[in-house]
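Undergrad: First the structure, which I've put down as structure tokens, then a few questions once you've had a look.
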Amino acid sequence: MIPIIDEDAPEVYGFSGRFTTPLLLGRKRIPVGEYTGYEMRFTYLEMDLECSFSVPSWSTDADTTKLTKLTSRSDLSGLEYDTSTIRLYFNDDGAWMKRDIIVNTAINAEDPPQWQWMRAELESNGYTSFFLHTRPVSVGSGPIQVINLFDDPDFWGSSDILTIRSGETVGGGMRAYITPFSISRTTKVVLTIDISNSFNFWEDTTLAFHNSSDSVVKLDFGPSCREVPTDPEPIVTYQLGDKGFHPFMPSFSLVKIP
């Protein structure tokens with residue numbers, strides 16, 4: 001095992017788009033040998049996305065900036081899209097847990113970040129707040145769970161630490177691969193990263209939020225809703241926004257330096 005990044009302090013790397021200049025990660029010379037795989041452990045992926053956030057009109061934070069208050073589930077003409085910073089967690093980091101999706105709700109770029117969870121389910125006579133300063137429960141624990149990343153127990157595992165290894169068939173679609181290469185003499189390597197086509201979400205074509213086309217892809221965050229009216233009116237359930245948020249591993253290319 002040869003460490004490419006082996007630091008006590010956290011490392012933060014930006015890789016927006018396709019690099020024209022390689023990103024030098026090696027802190028050490030790479031010894032002679034044949035290399036057939038790699039493993040990595042990262043805390044989160046962060047991306048700026050144009051997206052919407054919507055809640056029903058009865059939500060207690062319906063008038064919060066960044067949220068669109070919907071009075072009709074079929075009329076999305078008032079839906080607003082803005083560029084927001086999203087984090088997708090693969091390992092625990094203080095209050096944030098693996099599988100969490102959080103959003104920076106700060107209005108201005110110069111303001112301090114205001115990271116918040118989003119509640120996956122709202123109920124008119126119970127849990128009515130969408131943005132959350134405090135994480136309520138673990139992922140998948142019922143009607144107050146938070147919006148989270150894809151469900152793949154084999155990928156996430158039971159350990160507190162998630163390590164992603166190249167070539168594994170169990171990978172949640174993370175596409176962690178490497179082309180084996182040999183180094184015949186001591187050298188350095190650089191790492192180039194391409195994030196194109198590295199995130200997707202599920203658009204249910206039966207819902208009004210199926211609002212993407214071949215040229216425009218619109219990401220909509222919103223909860224499942226359960227309206228509980230006064231008897232004898234029936235309970236109504238429906239979904240706001242898209243589902244199935246799934247990041248893919250960016251494409252990594254290791255290149256030898258003569």
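Undergrad: With a sphere of radius 15 Å drawn around the Cβ of SER215, what net charge do the other residues whose Cβ falls strictly inside it have (Lys, Arg +1; Asp, Glu -1)?
TA: Local charge sum for SER215: -2.
Undergrad: Heavy-atom accessible area of ILE161 with all protein chains present, probe 1.4 Å, nearest 10 Å²?
TA: 90 Å²
Undergrad: While we're here: Take every DSSP beta bridge whose two residues both sit in segment 27-169, then give the antiparallel share in percent to the nearest 5.
TA: The answer is about 85 percent antiparallel.
Undergrad: Spin-label point model (7 Å from Cα, Cβ direction): what's the VAL217 to THR71 distance in nm?
TA: Distance between label points: 3.4 nm.
Undergrad: Multiplying the sequence separation of PHE181 and THR205 by 0.36 nm and subtracting their Cα-Cα distance, what value in nm do you get?
TA: Residue separation times 0.36 nm, minus the Cα-Cα distance, leaves 4.2 nm.
Undergrad: For HIS210, HIS246, what's the largest-to-smallest order of accessible area, 1.4 Å probe?
TA: Values: HIS210 85, HIS246 35 Å².
Order by accessible area, largest first: HIS210, HIS246.
Undergrad: Related question: Label ASP63 and TYR81 with points 7 Å out from Cα along Cα→Cβ: what is the distance between them in nm?
TA: In this crude label model, ASP63 to TYR81 measures out at 2.8 nm.
The values are calculated or read from the model by the stated rules, or taken from the named source; none is laboratory data. The shown structure was predicted, so the numbers you read here are calculated from the model rather than taken from an experiment. Note: ideal-geometry Cβ built from the backbone for every residue, glycine included; neighbour counts use all protein chains shown. When the accessible area is computed, the model is the full protein with side chains, heavy atoms only, and any ligands, DNA or RNA have been set aside. Shrake-Rupley method; radii C 1.70, N 1.55, O 1.52, S 1.80 Å.
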